[in-house]
Amino acid sequence: MSKRNHTISEICSVIHGKLAGENRNNIIEYLVFDSRKLYFPASSLFFALVGERRDGHAFIDEVYRKGVCCFVVSNPVDTTKYPNALFICVDDTLVALQQLAAYHRSQFTIPVVGIAGSNGKTIVKEWLYQLLSPDYNIVRSPKSYNSQIGVPLSVWLMEDSHDLAIFEAGISRPGEMEKLAGIIQPGIGILTNIGDAHNEGFASELDKLTEKCRLFARCKTVIYPHDLPAKYGIGPNTLFNENTARFTWSRNDPNASLFIEKITTGRQNTIIEARYRDEKISIEILFTDAAAIENAITCWCFLLVEGYPQDRIKNRMLELTPVNMRLEFKKAINNCSIINDSYSADLGSLHIALNFLKHKSGKHSRTVILSDFLQSGIDKVQLYRQVAAELVENEVARVMAVGNDITQWLSLPASVKMETFQNTDEWIKKFRYAHFKDEVILVKGARSFAFEQIVQLLEQKTHQTVLEINLGSITHNLKEYQKLLRPSVKTMVMVKAFAYGSGGVEIATALQFHQVDYLGVAYADEGVELRKAGILLPIMVMNTEENSFDAIVEHHLEPVIYSKELMYAFGAFIRQEGRQHYPVHIEVETGMHRLGFSIDELQPLADFLFPANLFKVQSIFSHLASSEDPKEDNFTAEQLRIFKQIAAVIEKKIGYSCLKHIANSAAIVRNPALQLDMVRLGIGLYGVDMAAQNKVDLQHTATLITTIAQVTQLRKGDTVGYNRKGIISRESVIATVRIGYADGYPRKLGNAVGSMMVNGQLAPTIGAVCMDMTMIDITGIPGVKEGDTVIVFGKDIPLQQVAAWSGTIPYEIMTGISQRVKRVYFEE
């Protein structure tokens, strides 16, 4: 193998640790810190990282049971509990991880490119990979692995077979870049740009720029926008060493190394003309947005620095393809789901994609459609042996191998069904609808195999309106709220009403992966669906009904008991079933006046709970009526007082403590005193801050997208829609879009009450909203054509704004989105 593996003794010396356990000089191939992502435990080294909410030392038991026997720890560990395990004790496990990565990097002399900047790092990295891979075997950061943890894991991927490395580095506060620079040790630096991302961590944008440039302290060459230093009133020597060669580009200053003279943007392409060394040169790219143009210029600069001839540059620039920044999870034919990663095939991205497949598949069978791995630089026997190991470790049931190399060299055990195809055309010719059912399918292939054709065949054909759900933003928002919690406070996440319209199973799967403590659903059938999809977390059912008792018990759901009648009925059912200590939750009334035992009903509740052993009270909870409103803080405080009084009486009567929770999303932010033992996170997870105090940096999670069905030119006096409600007052251009009230777009938003986003501009509705269509006025918005994308809500039109136009709340808009609207899930 071409990987430089290290022994435990060597690693212990490098990170200045003390070894506990019998040293057998284990060979380490993989570094891990996440107990959920263990694929090759026997050759893995687990770093017990200590974070704000989680301490890796708490997962040593789990990781050991999964087969890992080598650990780096900073807290005392009872080594007698782990026979045959080795522990390296250090002061700081994150520092140790970074030291080990820096040491590994120092073993290589190949060219290393380091990329920093506020935006464009990942695109530039991936485009350089596309441009240079015909000439080099490149190791690069997987996805956006650019953090204090991600950079060491990226650098660890370096092997003897590589002859070029490209790593990106991201920071959020002072002092971080120096650590990353010591790990990456770049010889060539690229600074993309400076924007407002992470401004909160720095005193000024100049301080942020200066910190980012620390990555280039020892670079021989640095590439950057020529005008950037002057924008902050400094000279380049303030940012870079005097002996560092500089290559710059500018649209304003002819003194730049590459002076951009003209940019001509067409409908689907852009021609960039420039002057370089007194010569006129140009490139063409099949992109038109400003960010892509800037990223392409940065890549152009790198190719010029490397001495590439202009004709080769022009050819390769024309071949640039979009960088798929996310793994999409979509509904497919015959109750299948599909993960589309059809633009690359290499070991690093395969590892990530298979991890995503395992995390998303639950109990469903796993199928992988995989192409040849091109230009890997690794011996084919070793390459496909590694591919096979990844597939087996991730419990893939079926592999469809496409290509000459993979069909010849990939060998799998009998437990994995393998089908082979010489090329994509053969796969398409043999495709049969009935060959796929109830499985999750990963489609992953090199660009030249054009696997997008396979994706089109497998995708469920639906209406062109889709709701995109960003699972990465869901995770981000979860962590934002958890930052506000005391370490001992548990988190229940509400996934009722189809997870506020986002898709219950998919959201619950992500939450289970990130180890929340509880899920909450409205009705038993929602909990049953989650159980059938492989969700194992405890699930509380808010609205318990007598006709659901069987389903609740069969699927190990935990009902809420909110009235005497329900208590007696469920108690009788449990007694009849011969069960004891069934987990239940007690809802108490403190001022909402909806459901729950009032203080006057405590005696019969306590009398029932105490002598009987039918129930095990998991939690006591109540609902806040107005936690987001400062004017109602006194009422909220009174609710808390009543709740504590009732909970104390119940706990005293039953003789044991249980979880107590009353805080919702707004209360988590506004009132830490309400956290108690557990909080219930609802709409906040989906990016809606009902507290409106800017204490949480929430990301929008859902984007509702539709398309234009027709564009029509209308004259003054024409009318639009039913009952001629839309009257044209001037010559206008009207677009009909594929969304209506049957999709969940409120009828109230017709007649210019609401707007949609087209080509970055707001277009008001005109006429009444129809069942399946809505008309919008796109007059004055250039370049609009049939088939174009229209944003109904998302980053640029917040859900809260659409709700305000409708005179309602975000909950109603999200939960009202019809099930005929396809949900598309992705992680960036």
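The values are calculated or read from the model by the stated rules, or taken from the named source; none is laboratory data. Remember, it's a predicted structure, so these values are computed and weren't measured experimentally. A quick note on method: Cβ atoms are made from the backbone with ideal geometry, for glycine too, and the neighbour counts reach across all protein chains shown. The accessibility values were calculated without ligands, DNA or RNA, using every heavy atom of the protein model including side chains. Shrake-Rupley method; radii C 1.70, N 1.55, O 1.52, S 1.80 Å.
Of note:
- Pair list, Cβ < 9 Å and 6+ apart or interchain, from segment 754-776 residues that are over 17 Å from VAL711 (Cα atoms) and free of Cβ contacts under 8 Å to residues at least 40 places away in the same chain to residues that are part of a loop (DSSP other than H, G, I, E, B) and small (Gly, Ala, Ser): MET771/GLY740
- Any hit, segment 597-607, residues being at negative phi and in contact with a Gly (Cβ under 9 Å, 6 or more places away or on another chain): no
- Any hit, segment 460-477, residues being on the phi > 0 side of the Ramachandran plot and open to solvent by 40 Å² or more (accessible area, probe 1.4 Å): no
- On the stretch given as segment 789-815, residues that are of a type outside the set (Val, Ile, Thr), modelled with pLDDT under 90 and open to solvent by less than 70 Å² (accessible area, probe 1.4 Å) total 2.
- Among the residues of segment 606-664, those identified as part of a strand (DSSP E or B) and not hydrophobic (A, V, I, L, M, F, W, C) are LYS616, GLN618, SER619, LYS660, HIS661.
- Screening LEU370 against (1) open to solvent by 10 Å² or more (accessible area, probe 1.4 Å); (2) farther than 25 Å from PHE513 by Cα leaves a single unmet condition, (1).
- Being outside any helix (DSSP H, G or I), modelled with pLDDT of 95 or more and either closer than 21 Å to PRO134 by Cβ or of a type in the set (Lys, Arg) (or both) is a property that holds for ARG275.
- Residue list for segment 392-411, restricted to those being open to solvent by 10 Å² or more (accessible area, probe 1.4 Å) and touching a residue at least 60 places away in the same chain (Cβ under 8 Å): GLU393
- Odd one out for ASP253, checked against (1) more than 33 Å from the chain's Cα centre (by Cα); (2) open to solvent by 50 Å² or more (accessible area, probe 1.4 Å); (3) not small (Gly, Ala, Ser): (2)
- Out of LYS358, LYS363, sole residue that is out of contact with any Ser or Thr (no Cβ under 9 Å at 6 or more places or on another chain) and without any contact (Cβ under 8 Å) to a residue 40 or more places away in the chain: LYS358
- Segment 587-604, residues that are farther than 14 Å from ILE642 by Cβ and surrounded by 13 or more Cβ atoms within 10 Å (Cβ to Cβ): LEU595, PRO604
- Screening ILE352 against (1) part of a helix (DSSP H, G or I); (2) open to solvent by less than 20 Å² (accessible area, probe 1.4 Å); (3) of a type in the set (A, V, I, L, M) leaves a single unmet condition, (2).
- Flag for ILE339 being of a type in the set (Val, Ile, Thr), in contact (Cβ under 8 Å) with a residue 60 or more places away in the chain and part of a helix (DSSP H, G or I): no
- Taking segment 710-778 and the strands (runs of 3 or more DSSP E) fully enclosed by it, the elements with 1 or more residues that are at pLDDT below 95 and open to solvent by 60 Å² or more (accessible area, probe 1.4 Å) are at 761-764.
- The one condition in (1) open to solvent by 40 Å² or more (accessible area, probe 1.4 Å); (2) modelled with pLDDT under 90 that ASP517 fails to fulfil: (2)
- Matching entry among LYS330, LYS280, LYS363 (being crowded, with 17+ Cβ neighbours inside 10 Å and on the phi < 0 side of the Ramachandran plot): LYS330
- Of the residues making up segment 87-112, those that are open to solvent by less than 20 Å² (accessible area, probe 1.4 Å), under 20 Å from ARG4 (Cβ atoms) and hydrophobic (A, V, I, L, M, F, W, C) number 7.
- Long-range neighbours under 9 Å by Cβ, at least six apart or interchain, first residue among the aromatic types (Phe, Trp, Tyr) within segment 536-557, second assigned to a loop (DSSP other than H, G, I, E, B): none
- Subset of segment 534-569 [part of a loop (DSSP other than H, G, I, E, B), aliphatic (A, V, I, L, M) and under 16 Å from VAL588 (Cβ atoms)]: MET542
- Residue within segment 239-254 that is among the β-branched types (Val, Ile, Thr), under 30 Å from LYS785 (Cα atoms) and assigned to a loop (DSSP other than H, G, I, E, B) present: no
- Any hit, segment 159-182, residues being open to solvent by 50 Å² or more (accessible area, probe 1.4 Å) and either farther than 26 Å from GLN99 by Cα or polar (S, T, N, Q) (or both): no
- In the set (1) farther than 18 Å from MET814 by Cβ; (2) modelled with pLDDT under 90; (3) surrounded by fewer than 21 Cβ atoms within 10 Å (Cβ to Cβ), the condition left unmet by ARG486 is number (2).
- Extreme residue, surrounded by the most Cβ atoms within 10 Å (Cβ to Cβ), among residues of segment 286-306 that are part of a helix (DSSP H, G or I) and either without any contact (Cβ under 8 Å) to a residue 60 or more places away in the chain or among the aromatic types (Phe, Trp, Tyr) (or both): TRP300
- Candidate set from segment 427-443 (those that are touching a residue at least 24 places away in the same chain (Cβ under 8 Å) and part of a helix (DSSP H, G or I)); member that is least open to solvent (accessible area, probe 1.4 Å): TRP427
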